[in-house]
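Worksheet: the structure to be examined is printed underneath.
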Amino acid sequence: MPMYKVKPVSPGDIKIDLPTCMYKLPNTHAQGMNCGEHALQNGEVDPALKALEERQDEVLRRLYELKATVDGLAKTVTTPDADLDASTLSRGPTESVFRGTADLDSLLGKDLGALRDIVISANPAHPPLSLLVLHALLCQRYQVLSSVHVHSSVSAVPPPLLSCLGPRHIDSYARQRFQLGFTLIWKDGERVKREQH
Amino acid sequence: CVVSSCFRASEEEQQAQSKKALKKQQKEAEKAAKKAEKQAKLVSVRQETQTLPMAHHCRMEGFLFFYNSCDYKSADRALVRVQDLTPEKAEQQIWVRARIHTSRAKGKQCFLVLRHQQFTVQALLAVGDRASKQMVKFAANLTKESIIDVEAVVKKVEQKIESCSQQDVELHVERIFVISQSEARLPLQLEDAVRPEGEGDEEGRATVNQDTRLDNRVIDLRTTTSQAIFRLQSGVCQLFRDTLINKGFVEIQTPKIISAASEGGANVFTVSYFKTSAYLAQSPQLYKQMCICADFDKVFCVGPVFRAEDSNTHRHLTEFVGLDIEMAFNYHYHEVIDSITDTMVQIFKGLRDRFQTEIQTVNKQYPSEPFKFLEPTLRLEYKEAVAMLRAAGVEMGDEEDLSTPNEKLLGRLVKEKYDTDFFVLDKYPLAVRPFYTMPDPNNAKYSNSYDMFMRGEEILSGAQRVHDAQLLTERAMHHGIDLEKIKAYIDSFRYGAPPHAGGGIGLERVTMLYLGLHNVRQTSMFPRDPKRLTP
C-alpha cells in the first residue's frame with residue numbers, strides 16, 4: 001500500500017563546513033571498529049590499564065608504609081626521653097641508653113653548667129630496692145645530686161622512704177656543681193618509670 | 001517602718017501573748033486573704049513590679065510585704081538551707097528560702113527547681129487539698145530568679161533526680177510566698193552561663209560570652225561555677241594567711257598612694273593629690289623591705305596592686321590582689337625559696353583536700369587536668385632550663401630572658417619529665433632582672449633571683465634583695481635610674497639591714513592556673529583591664 005508521502009524537509013546532501021578550531025573525535029557511530037576496542041567491550045582488560053592499576057596499588061602501599069613510619073617517629077618525638085618500663089630491666093640484659101660508662105661520661109660532658117638529671121618514679125607501696133644499689137654505685141663514680149620528692153597523687157609516705165637516698169648534700173644549693181642528678185619521685189602508679197633527658 | 005515597739009515589752013508573758021495574738025491575727029488574715037485572693041488573683045499576677053503598702057498585714061498567697069525588718073520572725077520560722085535537704089529530713093515540714101531556678105507547669109502540677117548557691121532541689125506543687133488551681137498557676141507564672149519562701153514537706157524519691165544537687169529528696173510545696181520578685185527579662189540565662197563551650201556549639205544551644213557575663217556580673221556570679229571559683233579563691237587567701245601565720249609571719253598593710261613609682265616609671269596610674277600628683281602602688285615591694293629593715297623579720301601582705309599595663313591578654317589585669325612575702329634569712333636565700341614553696345605546697349594541699357566539691361563543679365563547665373605538684377618543690381636552675389629548651393629545638397642565648405611561648409614549652413617539658421605543674425626556676429641572668437636584685441657571688445652574669453611557674457605560666461617573680469646602700473646605688477646607676485627618685489628607698493638600708501628575699505603572687509592568676517582556666521577575668525570578681533571600668 002503506498003504510504004503518505006512527505007516532502008523532505010532538508011536535502012540529504014548538505015555540505016557542512018566543519019570549524020577548524022575544534023579537535024576531532026573519531027566517529028563512534030561509524031562502522032568498522034578495530035579489534036582492540038571490540039575486546040574492551042567484552043570485559044577483557046587492556047594490559048596498559050592493568051599496569052596503571054598495579055602502579056597505583058604500589059603507590060598506595062608505599063604511602064601506608066610511610067604513614068606507619070611517621071606515626072612511630074611521632075611517638076618517639078613527643079616523648080623524647082627514654083620512657084622505660086624498668087620493672088622489666090631486672091629480668092633481662094639491660095638495654096639502657098647507657099651502653100657503657102664511657103658513654104655516660106661523654107653525655108655528662110655536654111652542656112657545662114646544666115645538671116643532667118635522671119628522674120625515676122616509683123610507687124611507695126612497692127619500693128624498688130635495686131634502685132638503692134644503683135644509686136650507691138653511681139655515687140661511687142660520679143658526683144651525684146640526689147633528691148626525693150613526693151608527688152601530689154600520694155598522700156603520705158613513710159619517713160624511711162623519704163631519706164632512702166641519704167642525707168641532703170651540703171652543696172645541694174648549687175646544682176651545677178654536680179655531674180649527675182638522681183631524682184626519685186614517689187608517685188601513685190603501677191610501674192617504675194625512668195626518664196632521662 | 002521601724003522595729004515594732006510592741007516587742008519591747010520586757011516581761012516574757014507579755015511578749016508571748018502579743019506574739020500569740022499577732023500569730024492568730026496573721027492566721028486569720030491569711031485565711032481571709034486566701035478566699036479574697038481566689039477572686040482577685042489574675043490581677044495581681046499580671047503586675048510586673050509590685051510593692052504592697054508597708055502596713056498591709058493581710059498576706060495574699062503571692063507577695064509578702066516588703067521585708068525591711070518590721071518584724072523579727074526568727075523565733076517561729078526556721079529556714080532550712082537547700083544543701084541540708086537530705087533523706088534524714090524525710091516527712092518533715094520545713095521552710096526553705098531559695099531562688100526559682102526553673103519552673104514548669106504540666107496540667108495540675110507545677111515543677112519548680114529551687115536553687116541556693118551551688119545547690120538545687122526539685123519542688124512539686126500539685127492541685128490538692130493544700131493547693132488550689134490558682135496557686136499552681138501562680139507558681140508557674142513566677143519569674144525566674146525570684147526569691148521565694150516555701151513551706152513544704154520533704155519527701156524521699158526512689159529514682160535519683162539527676163539534674164539537681166539534692167538527688168534523693170524533693171519538696172511537696174504547701175505554701176509559697178514571694179520575697180523579692182525578679183524582672184521577667186533576664187540579661188542572660190543561668191543555664192546558658194553554665195553550659196560548657198563545646199557542648200553549646202554542638203547542640204546548637206547558647207553559651208554566654210565573656211563580655212555579657214562581665215556586664216551582668218551580679219547574675220553571672222550566681223552560677224554554680226562562679227560560686228565554686230570564688231569559694232576556692234577565698235580558700236587560697238585563707239590558706240595563704242594561715243600557713244604564713246603558722247610560720248611566724250606578721251601581716252602588714254602597706255600604703256597604695258605613693259610618691260614614686262617602685263618598679264619602673266612606665267606602668268603607673270597617676271592620681272591627683274591635692275596640689276600635686278601621686279601614684280597608685282605597683283607593688284608593696286618598698287614597704288615590705290622597709291619592714292624587714294624595721295626588724296619584723298617575716299612579713300606578708302594581702303592587698304590591691306595597680307599596674308597601668310596596656311596589655312589585653314588572658315592573664316593581665318590593671319588591678320589585682322597581690323599576696324606578697326618578704327623574709328630575712330640567716331645564711332642563704334634558698335631558705336626563703338624553701339619557705340615560699342612550702343607555703344604554696346600547703347595551699348595546694350589544702351585546696352586538694354578541702355575544696356574537691358568546688359574543683360569538680362568548675363571542671364563540669366571547664367574540664368581540665370588536676371593540678372599536680374611535688375613535695376619538696378622541684379627547683380631547676382636557669383641553665384638547665386636553657387639546655388632543655390635547646391634540646392627541644394629552641395634557639396636562645398645564655399642570658400636571654402624566657403619569652404612567654406618558651407615559658408609554656410618549658411612547662412610542658414618539665415611536666416613530661418617530672419610530672420609536676422609547679423616548679424621554681426633559680427638563678428636568672430642578672431641582665432633581665434630589676435636593679436635591686438642581688439648578683440650571684442659565684443658568677444657575675446647571673447643573679448640570686450627566681451621565678452615560679454604553674455602550668456607553664458609565671459606566677460611569682462622574686463629575688464634576694466640588695467641590702468647594702470652602696471651596692472644598691474651602684475646597681476641603680478648601672479640601670480640608669482634617677483637616684484633622686486629612689487632616695488628614700490636607698491636610705492632605708494643605711495642603718496643596718498638584714499639580708500632578705502621575697503616575692504609576690506597574684507591571687508587571681510594562681511586561682512586561674514590551679515583550676516586550669518584560661519582567662520584571669522573568670523577568677524576576678526569585678527575585673528579591671530584597659531577596656532573595663534564597670535561594674
- So what's Rg/Rh here for region B:415-519, counting alpha carbon atoms and using the Kirkwood radius for Rh? 1.06
- Rounded to whole Å and sorted largest first, what semi-axes of the equivalent ellipsoid does the C-alpha gyration tensor of region B:314-449 yield via the square root of 5 times each eigenvalue? 28, 21, 15
- Query: Do the alpha carbons of any pairs in B:Lys108/B:Lys144; B:Lys364/B:Lys531; B:Lys31/B:Lys137; B:Lys34/B:Lys108; B:Lys27/B:Lys137; B:Lys89/B:Lys160 sit beyond 27 Å of each other, and which pairs?
  - Reply: B:Lys364/B:Lys531
- Message: Using a Förster radius of 51 Å, what is the FRET efficiency between B:Asp353 and B:Asp76 based on their Cβ-Cβ separation? Nearest 0.05, please.
- Response: 0.80
- Row for region B:101-175, column shape: gyration tensor on C-alpha, a ≥ b ≥ c, rounded if a/c < 1.5 i.e. under 1.5, prolate if a/b over b/c, else oblate; value oblate
- Tell me, in nm to one decimal, what length is gained between B:Ile161 and B:Gln109 on full extension, where the rule is 0.36 nm per residue of separation less the Cα-Cα distance? 17.0 nm
- Item | Percentage relative contact order, chain B, counting C-alpha pairs under 8 Å, at least six apart | 11
- Charged-residue dipole, Cβ positions (Lys, Arg, Asp, Glu), region B:226-522 about Cα centre, Debye nearest 20: 660
- Message: If you average the C-alpha positions of region B:132-164 and of region B:347-413 separately, how far apart do those two centres end up, in angstrom?
- Response: 46
- Item | Sites matching chymotrypsin sites (Phe, Trp or Tyr not before Pro) across region B:262-348 that sit in DSSP coil, with at most 10 neighbouring C-beta atoms within 10 Å | B:Phe274, B:Tyr331
- Query: Can you give me the relative contact order of region B:82-180 as a percent, contacts being Cα pairs under 8 Å and 6 or more apart?
  - Reply: 34
- Item | For A:Trp186, B:Trp95, order by how many other beta-carbon atoms lie within 10 Å, fewest first | B:Trp95, A:Trp186
- Item | Reciprocal of mean inverse Cα separation for chain B (Kirkwood radius, Å) | 27.5
- How are the C-alpha pair distances of region B:226-522 spread across 10 Å bins, as whole percents from the shortest bin up? 6, 26, 36, 24, 7, 1
- Task: Please work out whether region B:304-381 counts as rounded, prolate or oblate from its C-alpha gyration tensor, where a ≥ b ≥ c are the square roots of the eigenvalues and a/c under 1.5 means rounded, while otherwise a/b larger than b/c means prolate and anything else oblate?
- Result: oblate
- Query: Calculated from DSSP H runs of 4 or more alone, at -39500 (n - 2.57) each and per residue, what is the 222 nm mean residue ellipticity of chain B, nearest 500?
  - Reply: -10000 deg cm²/dmol
- Spatial separation of Cα centroids for region B:491-535 and region A:147-193, in angstrom: 31
- Message: Could you check the spin-label model distance between B:Cys237 and A:Cys139? Points 7 Å from the Cα along Cα→Cβ, value in nm.
- Response: 4.7
- One point scatterer per Cα, no solvent, Debye formula: log10 I(q)/I(0) for region B:141-220 at q = 0.14, 0.25, 0.26 Å⁻¹ comes out as -0.71, -1.11, -1.13
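Where a number appears in this text, it was derived from the coordinates with a stated rule and is not lab data. In this text the structure is predicted, and so the values were computed from the model without any measurement. Methodologically, a virtual Cβ is constructed for each residue, glycine included, from the backbone with ideal geometry; neighbour enumeration extends over all protein chains shown.
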